[in-house]
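Chemist: Submitted below is the structure of interest, expressed as structure tokens.
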Amino acid sequence: MLTKTQEEYLKTIYILQNDEKGARVTDIAEKLNKAKATVNYTVANLKENGLVNYKTYGNIFLTDTGKKYAKKILEAYDIVYLFLNSILEMEPEKAKNEAEKMKATLNDETLNMLAKYTHKTLGLYSLECGYDINNEKCRSCIRRTRNKKINERIEL
């Protein structure tokens, strides 16, 4: 379980990093309004947990696990924001602030239900196929992709 601070760092690193350049301590410190020493400490903690690759005075890159968490954090925020702004018609700035607070307290099951409801209500696409926030694709889409690959191999 990640702390709110760790989530913010992962999200910020994900947003700041370029595939080749990574994120820099200075950029993270500026973005989060933190001292460089604080950033170094937190990044070292994330490194110990296998979420970032970082050498002192070097650039910071998310590991595959770190990217997975960062995407999940951003997706959770987006789901809650979309619900507040588009369904409840909350003003954008207030929806942003509320979404940030709410996403940290909702568990995965609730987020999955909220995502299904939001997407169904807005008519964006159907998530009735077993959507799960822990996967980049819904379970049904994963099955279709896997079945397509199996069928392609059979045809060869």
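No value in this document is a laboratory result; all are computed from the given coordinates. Computed from a predicted model, the values in this text were never measured in an experiment. Cβ: placed from backbone, ideal geometry, glycine included. Neighbour counts: every protein chain shown.
Chemist: Rank the residues Thr118, Thr5, Thr26 as a footprinting-exposure proxy: fewest other Cβ atoms within 10 Å of their Cβ go first.
Modeler: Thr26, Thr5, Thr118
Chemist: Could you give each residue of region 102-110 its phi-based ³J(HN,Hα) in whole Hz, using Karplus coefficients 6.51, -1.76, 1.60 with θ = phi - 60°, and x for Gly or Pro?
Modeler: 5, 4, 6, 9, 7, 7, 4, 4, 5
Chemist: Which cross-chain or sequence-distant (5 or more) residues have an amide H under 5 Å from the amide H of Met90, H modelled 1.01 Å from N in plane?
Modeler: Sorted by chain and number, the residues that satisfy this are Asn85.
Chemist: Now for a different question. What are the ³J(HN,Hα) couplings of region 47-53, residue after residue, when phi is run through the Karplus curve with 6.51, -1.76, 1.60 and θ = phi - 60°? Round to Hz, x for glycine and proline.
Modeler: Going residue by residue, I get 5, 4, 8, x, 9, 9, 10 Hz, with x marking Gly and Pro.
Chemist: What are the chymotrypsin sites (Phe, Trp or Tyr not before Pro) within region 24-125 that DSSP puts in a loop, where the Cβ has at most 13 other Cβ atoms within 10 Å?
Modeler: Those satisfying the criteria are Tyr57, Tyr125.
Chemist: Moving on. Can you work out ³J(HN,Hα) from phi for every residue in region 111-119, in order, using Karplus 6.51 cos²θ - 1.76 cosθ + 1.60 and θ = phi - 60°, giving whole Hz and x for Gly and Pro?
Modeler: For region 111-119, the Karplus-derived couplings read 4, 4, 5, 5, 4, 4, 4, 4, 5 Hz, x marking Gly and Pro.
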